[in-house]
1. Can you give the extra length, in nm with one decimal, that the chain gains between residue 438 and residue 156 once fully stretched, where that is 0.36 nm per residue apart less the Cα-Cα distance?
2. Counting only the heavy atoms of the protein chains, how much of residue 1 is accessible to a 1.4 Å probe, in Å² to the nearest 10?
3. Kindly provide the helix-only [θ] at 222 nm of the chain, computed as the sum of -39,500 (n - 2.57) over DSSP H runs of four or more divided by all residues, to the nearest 500 deg cm²/dmol?
4. Return the aspartates and glutamates within reach of residue 415: Cα separation strictly under 18 angstrom, same-chain partners fewer than 8 residues apart disregarded; answer none if there are no such residues.
5. Pick from 361, 376, 11 the residue whose mean-square fluctuation is largest in a GNM of the chain, springs joining Cα atoms under 10 Å.
6. Would you mind checking the pairs 325/349; 101/360; 18/158; 266/377 and listing those with alpha carbons more than 28 angstrom apart?
7. Would you mind checking the tilt of helix 203-212 against the longest principal axis of the Cα atoms of the chain, expressed as 0 to 90 degrees and rounded to 10?
8. Given the chain, what percent of its DSSP beta bridges are antiparallel, to the nearest 5?
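The values are calculated or read from the model by the stated rules, or taken from the named source; none is laboratory data. The structure displayed is predicted, hence computed values, not measured ones. Cβ coordinates were reconstructed from backbone atoms using ideal geometry, including for glycine residues, and neighbour counts include every protein chain displayed. Ligands, DNA and RNA are stripped out before the accessible areas are found, and what is left, the full protein with its side chains, is counted by its heavy atoms. Shrake-Rupley method; radii C 1.70, N 1.55, O 1.52, S 1.80 Å.
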Amino acid sequence: MANCVVLGMQWGDEGKGKIVDLITPSFDAVARYQGGPNAGHTVHVKGKKIILHLIPSGILHKNKLCLIGNGVVFNPKSFLNEMEQLREFGVENFDNIVISKNAHLILPYHFEIESLIEERMGDNKIGTTLRGIGPAYVDKMNRCGVKVGDFLNEKVLKEKIELNVAEKNDYLIHFGKARLDADAIFREFLDYASQIKRHIKDVSYLLYDKMREGCSVLFEGAQGTLLDIDHGTYPFVTASNPTIGGVCTGLGISPYDIDAVFGVSKAYNTRVGAGPFPTEIQGETGNYLREKGSEFGATTGRPRRCGWYDAVAAAYAVRINGIKKIILTKADVLDGLEELKICEGYRYKGGLFPSFPTEKWILEKVEAQYRTVKGWKEPIDGFQDFASLPQAFKDYIANIEELIQAEVAIISTGKDRHETIFRDEKLEGLVNLEAVKDEQFVDQI
Ligand code: IMP
């Protein structure tokens, strides 16, 4: 079968967790390529809600290799907590989890530095998840990061932690924060090392080997295109590349190993944290979407800002990532609205933008130009068949497809696995639908 990427087309929270879990039976391995425990991938299985932050959602299925790539920033404490949570759900096959020796570690000083920076930025703060993500990537780029592979060499681990803590203490103390204890951090991490060692491998080589044997891989993105450090709405972005290039650099694979890119997009838009949001809806309708769509952060619990579908931003995600197939999620949240708006252009200083501008000062000033379409009264939640959907919903999809020049191939109409519409003819065999639709497929819960 094909190797496919599933990545977010908006500001994260597109519902990638459900999709990855859903189509995993079609693949042999699931690989995370960027981000860290800032992600919150929510999966509903057999009436249970599971939120995964670091471990690929493939872990819920038996015999699927779950890989964490070098592009991920890894917090061993949250990883172990996540394993514990999974154990309570009856998941056992942790031997299937492999972590790249080249992934960078998140250490306690990263949290301290991040909250200090956010505090000092005042009104200009990014509104990060405070999971130490940005500072861990800063150290990686600054070439002083501590790697997961350093868990395999006690001496190196100790030296690196001591050097970093000395450096970071100067900074923290300068701003009136408490001094960190290098030895305590080293001992804590030595304990993590003993628990995690058996999962550490060369993920790039393993993937190469597996793909050569004929295994198919699902590359799992976290966050979304508009949060990309290079292509997103900088500075209100995360510190990694959720976009397509991140797959190759974050796993050490060749672009020729990728057969298709699925873009996941909610049927409307949301954003957590600060930053411009041209289609944001203030007031009643915004609140309606937030409540109906349970739009509260999976990692931080923060209420998400809600807005109309932004086809300008979605077309940008299609272009940047080479997306041909869209997975539209949470369509049912729009049930019952009289009319819906789709943003088809950004008006700025009398003209229309030909492409999505990433500049903060432009995005803050653009005026969204909308196409208004009819809503549908009859609820579509739980629908599994495209033909029986209300015409107004089909028209909504046709409008999106026309504006962003990509096909909607899968539609999610509810949180559970079976609440999904597969447009088989649009999927062109990229996903093994027989395996996916088989209610009996083996999972661990
Ligand atoms: P960081 O990734 O914690 O550095 O946060 C940077 C920005 O990305 C903030 O606006 C966060 O709210 C946002 N962000 C990070 N991870 C996610 C996610 O998984 N979903 C939605 N927003 C996210």
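1. 96.7 nm
2. Looks like 110 Å² after rounding.
3. Mean residue ellipticity, 222 nm, calculated: -9500 deg cm²/dmol.
4. Cross-link targets: 13, 14, 21, 291, 295, 332, 335, 381, 385, 438, 439, 443.
5. 361
6. Exceeds cut-off: 325/349; 101/360; 18/158.
7. Result, in degrees: 50.
8. 40 percent
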